[in-house]
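Below is one structure, written out as C-alpha cells, with a few remarks after it.
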Amino acid sequence: MADRPDARELLSVARTALIDAVLPTVPEAARYEVRMIASAMAMAERELGAGVPQDPQSSNGAALDIRIRAGEFDAPGPKRDAVERRLREWVAARLAINNPKMLAGTSE
C-alpha cells in the first residue's frame, strides 16, 4: 500500500491553499510572486505525475548530440526520422510539464 498523501497530492493541496487562502491576503505588490510560486508548484506536480522524460543531453543524449553535429542524420531516411521523432517526443513531454498551454492546438 502506497504512502498517502504522496508528494504530488501534497503539492496540489498546498498550491490550492496558497491560491485560495493566502493569495487574497497578500498585498497587491507581492501577488505576482505568490502566483509565480503557485505556477512552480503546478509544474512540479505535473512532473511528478508524468515522470521525467529522458533528456537528450543525458549520457546517451550527449552521444546523440555528437552524432547530430557530425551530420549523421542530415540525409532523409529512417535514421533521421527516428531521431526527429525522439526529439519531438522529448520536447512535447517537457512542454506538457513546463508549459502545457503551448501544446494546446498543436497537431502533434
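Would you please name the residue that is surrounded by the fewest Cβ atoms within 10 Å (Cβ to Cβ), looking only at residues in the range 78-98 that are among the small types (Gly, Ala, Ser) and within 30 Å of residue 39 (Cα to Cα)? It comes out as 92. Determine whether residue 75 is modelled with pLDDT of 85 or more and either open to solvent by less than 50 Å² (accessible area, probe 1.4 Å) or touching a helix residue (DSSP H, G or I) at 6+ places or on another chain (Cβ under 6 Å) (or both). No: the conditions fail for residue 75. Here the condition is being modelled with pLDDT under 85, farther than 19 Å from residue 99 by Cβ and among the basic types (Lys, Arg); of 4, 31, it holds for 4 alone.
The values are calculated or read from the model by the stated rules, or taken from the named source; none is laboratory data. Here the structure is a predicted model, which is why all the values come from computation and not from measurement. Glycine also receives a Cβ, built like all others from the backbone with ideal geometry; neighbour counts cover every protein chain displayed. The protein model used for the area step is the full one, side chains on, heavy atoms only, and it has no ligands, DNA or RNA in it. Shrake-Rupley method; radii C 1.70, N 1.55, O 1.52, S 1.80 Å.
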